[in-house]
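Comments concern the structure below.
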Amino acid sequence: MRWIDPNTRAALTGSRTTDRLIVFAWYGGRLVWPDPLPITSWSLSWDEGRQIQSLNLSMADVDASRMPWLLEDPLGVAGTRLQCMYQVGGAGSVSIGEYRVTGNAPTEKWRSYVIDHRGHVNPGSPIPKGKRQVMVSSGASLNLSAEDLAVDASIYKLLAPESPQGGAPTILSEIRRLMDGIAPVVAVAGVVDRAVNKSLIFEGDRLNAVQDLCKRIGCNYRMNGDAQLEVYPLVKHGEVRVLRGGDDGMLVDVQRGQKLDGLYNMFIADGTATIGGQDVPIRGIATIDSGALKFGGAHGRYPKFYESTMLNTQQQCDEYAREMRDTQLAGLTQDLDIICLPDPSIQVGDWVQVATYLVGQQEMYLIGRVTKMDLKSSGSSVAAMTLTVTCSYTEAQRAFRGVVRG
């Protein structure tokens, strides 16, 4: 969760028609202009399933002086960074982070005027002597696309295969080494570091290596408001933000949905054993035997197949089939699509408690992890924020126990 002062947090539930995004441009460690960019519209998008997060904005520039031509121009793509802060109307601001400009699309308009210019001639032109044609800017606009600083790790490929360095390397020390010179690395409370195998080999994509290391300790990463790569655990950690309706709440709407696709209840692992000098096919089978997905129950029969030459015994096939089943059950989730008042302190990976309402004026709370988030402008102010909160299906079942639903 991004840092927010108590006064600004208290203002989040009030009327905030003057909320806005403030963006400064930096190049080579130098502030390009003393004033914020003249933004007319903007959108920020985060998705835990993406390695790199995005910012898009449009700006107006009446004299076209800020329109980029060269790569090294202030809003060019050769290293310009955008420092973003969310201003909460009537209170303070929250640092969103830094983004690198990755694309620009300027549009310019020019007007032609003929002016007096004593002694000027215009050979081959209908413009008479003593006159001169000049072009004057009548306004310009610029669309910028930018990505968080994880993009620098993505484009800085590993120049050769690498292995963990140092006498006793750990997951976090290796992430810091891979990100050296790109972004500082911090770990939030709840991250448990451990030693990393020195025989591990990283090749090609630096960001893939960072993500793989995070997964090895049950974590993911995000770029925080201080332009740091922040490692966070996927299990519940830290402060849990409460989203509820009412006059003192922030929740506007909660939607949900279900899909049949992928709800397997039979898991089949096929391998090959060598018996008497001959290759013989072997198969392990595991099924879900209770609950809504019970094999042969109302859900029917929905098999998932896996085949590998690495499965060489009946025991291996049986164990892998059971592992597939257990992974399926542990990974069942309920996604909530939420519309709420803008809260720039929330980040992807944070845990929130969402109030849902049932018949009979009942209120029920579900806890889940924010996996998607969108924040954007609406005219001169800010639109409602949208979140996807992923809740454990097992926890949802527990919450519904004892609840009367009509």
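Please give me, ordered by residue number, the trypsin sites (Lys or Arg not before Pro) of the range 1-101 that lie in loop per DSSP and have at most 15 other Cβ atoms within 10 Å.
Working: sites: ARG2, ARG9, ARG16, ARG20, ARG30, ARG50, ARG66, ARG81, ARG100; in loops: ARG2, ARG16, ARG50, ARG66.
In loop regions of the range 1-101 (DSSP not H, G, I, E or B), the sparsely surrounded trypsin sites (Lys or Arg not before Pro) are ARG50.
Considering the options LEU44, VAL77, PHE24, tell which one lies farthest towards the positive end of the dipole of the range 1-80, charges being +1 on Lys and Arg and -1 on Asp and Glu at the Cβ, about the Cα centre.
Positive-most Cα among the choices belongs to LEU44.
With all protein chains present and a 1.4 Å probe, how do VAL151, VAL280 order by accessible area, largest first? Show your work: numbers first, answer last.
On the way: VAL151 15, VAL280 50 Å².
Reading off the accessible areas and sorting them downward yields VAL280, VAL151.
Where in the range 169-222 are there trypsin sites (Lys or Arg not before Pro) that are in a DSSP coil and have at most 16 other Cβ atoms within 10 angstrom of their Cβ? Spell out each step's value before the answer.
Details: sites: ARG176, ARG177, ARG194, LYS198, ARG206, LYS215, ARG216, ARG222; in loops: ARG194, LYS198, ARG216.
Here the trypsin sites (Lys or Arg not before Pro) that fit, given the DSSP loop and packing criteria, are ARG194, LYS198, ARG216.
Rounded to the nearest 5, what % of the DSSP beta bridges within the chain are antiparallel ones?
Restricted to the chain, the bridges split so that about 90 percent are antiparallel.
Let me confirm the definition first: pairs of Lys residues in the chain, 8 or more apart or on different chains, C-alpha distance under 26 Å. How many are there?
Close lysine pairs found across the chain: 13.
Fully extended, how many nm does the chain gain between THR170 and SER112 (0.36 nm per residue separation, minus their Cα-Cα distance)?
Values: separation 58, 0.36 × 58 = 20.88 nm, distance 6.53 nm.
Result: 14.3 nm gained on full extension.
If you roll a 1.4 Å probe over the chain with all protein chains in place, what percent of the accessible area is carbon or sulfur? Mind dumping the intermediate values first?
Values: 11040 of 21710 Å².
It is 51 percent, rounded to a whole number.
Among TRP351, THR107, LEU293, whose Cα sits farthest toward the positive end of the charge dipole of the chain (+1 at Cβ of Lys/Arg, -1 at Cβ of Asp/Glu, about the Cα centre)?
Result: THR107.
What is the set of long-range amide H partners of ARG20 at a cut-off below 5 Å, with H atoms built 1.01 Å from backbone N?
Residues meeting the criterion, in which the H sits 1.01 Å from N, are GLN87, GLY89.
If you count only protein heavy atoms with a 1.4 Å probe, what accessible area per residue comes out for the chain, rounded to a whole Å²? Walk me through the numbers on the way to the answer.
Details: 21710 Å² over 406 residues.
With the other protein chains kept in place, the chain gives 53 Å² per residue.
Compute the distance in nm between two label points, each set 7 Å from the Cα along the Cα-to-Cβ direction, one at VAL121 and one at PHE400.
9.0
What does the charge dipole of the range 180-225 about its Cα centre add up to, to the nearest 20 debye, if the Cβ of each Lys and Arg holds +1 and the Cβ of each Asp and Glu holds -1?
Numbers: 6 positive and 5 negative charges, 32 e Å.
With Lys and Arg at +1 and Asp and Glu at -1, about 160 debye.
Would you please name the GluC sites (Glu not before Pro) within the range 210-315 that are DSSP coil residues with at most 11 other C-beta atoms within 10 Å of their C-beta?
On the way: sites: GLU230, GLU239, GLU307; in loops: GLU239.
Counting only loop positions with at most 11 other Cβ atoms within 10 Å, the GluC sites (Glu not before Pro) in the range 210-315 are GLU239.
Compute the longest continuous run of the chain that contains no exposed chymotrypsin sites (Phe, Trp or Tyr not before Pro); treat a site as exposed when its DSSP state is not H, G, I, E or B and it has at most 14 other Cβ atoms within 10 Å. Intermediate results must be reported in sequence, preceding the final value.
Details: sites that count: TRP3, TRP69.
Longest stretch, sites excluded: 70-406.
Which value, in debye to the nearest 20, gives the size of the charge dipole of the range 176-266 about its Cα centre, when Lys and Arg are +1 and Asp and Glu are -1 at the Cβ? It would help to have the intermediate numbers written out before the result.
Working: 13 positive and 12 negative charges, 78 e Å.
Computed charge dipole of the range 176-266: roughly 380 debye.
Where the only charges are on Cβ atoms (+1 Lys, Arg; -1 Asp, Glu), what is the dipole of the chain about its Cα centre, to the nearest 20 debye?
Details: 41 positive and 44 negative charges, 151 e Å.
In debye, rounded to 20, the chain gives about 720.
When a/c is below 1.5 the answer is rounded, else prolate if a/b is larger than b/c, else oblate, so apply that to the range 15-88 with a ≥ b ≥ c taken from the square roots of the Cα gyration tensor eigenvalues.
Numbers: a/c = 1.87, a/b = 1.22, b/c = 1.54.
It comes out oblate by the Cα gyration axes.
Go through the chain and flag any cysteine with no other cysteine's C-beta closer than 4.7 Å, please.
CYS84, CYS317, CYS340, CYS391
What FRET efficiency comes out for the pair LEU159/ASN56, r = Cβ-Cβ distance, R0 = 25 Å, nearest 0.05? Don't skip to the answer; put the middle values down first.
Details: r = 32 Å, r/R0 = 1.27.
Computed FRET efficiency for LEU159 and ASN56 comes out at 0.20.
The values are calculated or read from the model by the stated rules, or taken from the named source; none is laboratory data. Predicted model, so just to flag it, every value in this text is computed and none were measured. No Cβ is skipped: glycine too gets one built from the backbone with ideal geometry, and neighbour counts run over all protein chains shown. In case anyone asks, the SASA skips ligands and DNA or RNA and just uses the protein heavy atoms, side chains included. Shrake-Rupley method; radii C 1.70, N 1.55, O 1.52, S 1.80 Å.
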